Each structure stands twice: as C-alpha cells, then as structure tokens.
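The values are calculated or read from the model by the stated rules, or taken from the named source; none is laboratory data. The structure displayed is predicted, hence computed values, not measured ones. Neighbour counts run over all protein chains shown; Cβ positions are idealised from the backbone, glycine included. Keep in mind that these areas ignore ligands, DNA and RNA; they rest on the heavy atoms of the full protein, side chains included. Shrake-Rupley method; radii C 1.70, N 1.55, O 1.52, S 1.80 Å.
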Amino acid sequence: MADLAEADEADLQRLVAAEQQKAQFTAQVHHFMELCWDKCVEKPGNRLDSRTENCLSSCVDRFIDTTFAITSRFAQIVQKGGQ
Amino acid sequence: MDSSSLSSAAGLGTVDPQLHFMEVETQKQRFQQLVHQMTELCWEKCMDKPEPKLDSQAEACFVNCVERFIDTSQFILNRLEQTQKSKPVFSESLSD
C-alpha cells in the first residue's frame, strides 16, 4: 500500500507541475496580447495581414530582447555594486 | 446559458454534481471575463463617435475585432512556442 501511495503522489506532482506550466504559458500569452494588440492592430480587418503578422512577431521578439537586456544590465550593476 | 446545455456540450456523463457545478460556474465566469475584455478592446478600436444607432460599419468592425483577437492570440501562442523551442533560456527569465 505504501508503494501505491508513493506512485500516486509522484503522478499527482507531475500533474500539478504540468498544469502549472500550462497556466504560466497561458499567462504569458495573455501578457503579450495586452502589449502587442495595441501596438500592432489598428483597425481590425477581414484577416490578419502580413504587416500585422510581422509587427506581432517583432513585438514578441523585441519584448524578449528587452527583458534580456534589462536583466543583464541589472546583473552588471549589482556585480559592480558588490565590489 | 443553462448548465444542462453546457454539460451536454462538454460530453459529461455521470459526474460528481458539486464538481460539475464548480466547473460550469468557472466556465461561465471565464466566458464573461472574456466578453468584458473584448468589449473594452473592440470599443476602442471600432467606436469613433457614438451615433444614435449602431451602424453596419461598426458592427462589421466588432465582428472582425473578435475574430482578429482570436487570430492574434493563436499567432502569439505559436510564436512563443517557436521561441521556447529555439531559445529555452528566455522562457525562464520571462516566467518570474
């Protein structure tokens, strides 16, 4: 009975971790939507034209670049401050 | 939107009624949240100066708005999936 409980608990942990990952990913998508909808969609048309799609791709990529740049800069500052 | 139509749409057979109730209510809440969010977004994009009647142009714009919103969400989802596959380190720094 103890082995069964352990296996169940491992399964449950895996399930919870998977659901957490899904929730995190969904939250990310929402976040990007808020940022990029305003910047890239002016007046909604019949379909997503290539200009809008390019803008959305750029929006996602540039935001990631920006996050990375700011994170690195902060790391630098913290390092220098520590010396 | 009654719970019996929702449950038959979801293909549920015999489920714990309390759990079922929770799921249905959560679904309703999520739907309403989405409606509110979309109304706000599309109002800004499609409504210039409020007229005495909702004209056909504004209506068409609202239809497009909802559809483009869904397209855009899907597009961003795909884009993020691509990015995560090629640069896994970024997904960690973003998920704080």
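Quick look at the numbers
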quantity: Peptide B:38-51, shielding by other chains (average Cβ, 10 Å cutoff); calculated: 1
quantity: Point-to-point label distance, B:Gln57-A:Ser58, nm (Cα→Cβ direction, 7 Å offset); calculated: 2.8 nm
quantity: Value of D in µm² per second that Stokes-Einstein yields for segment B:27-66, Kirkwood Rh from Cα pairs, at 10 °C (1.306 mPa s); calculated: 146 µm²/s
quantity: In nm, spacing of pseudo-spin labels at B:Glu44 and B:Val15 (7 Å Cα→C-beta vector); calculated: 3.5 nm
quantity: Accessible area per residue, Å², chain A with all protein chains present, probe 1.4 Å; calculated: 77 Å²
quantity: Test item: Cα-centred dipole of segment A:41-83, Lys/Arg +1 and Asp/Glu -1 on Cβ, debye; calculated: 160 debye
quantity: Minimum 10 Å² accessible area buried by the other protein chains, segment A:9-28 residues, probe 1.4 Å, relative to alone; calculated: A:Gln24, A:Phe25, A:Gln28
quantity: Cα-centre dipole for segment A:1-82 with unit charges at Cβ (Lys and Arg positive, Asp and Glu negative), debye to 20; calculated: 740 debye
quantity: Relative packing of peptides B:17-25, B:58-66 - highest average C-beta neighbours within 10 Å first; calculated: B:58-66, B:17-25
quantity: Within 10 Å of each Cβ in B:57-70, the average number of Cβ atoms from other chains; calculated: 3
quantity: Förster radius 30 Å - calculated FRET efficiency between B:Lys87 and A:Arg14 (Cβ-Cβ, nearest 0.05); calculated: 0.75
quantity: Shielding by partners, peptide A:32-38 (average Cβ within 10 angstrom, other chains); calculated: 5
quantity: Loss of accessible area when A meets B, both sides summed, Å² nearest 100, probe 1.4 Å; calculated: 2700 Å²
quantity: Rounded accessible area of B:Leu54 (nearest 10 Å², 1.4 Å probe); calculated: 100 Å²
quantity: Expected 222 nm ellipticity per residue - DSSP helices of 4 or more, -39500 (n - 2.57), all of chain A, to 500; calculated: -32000 deg cm²/dmol
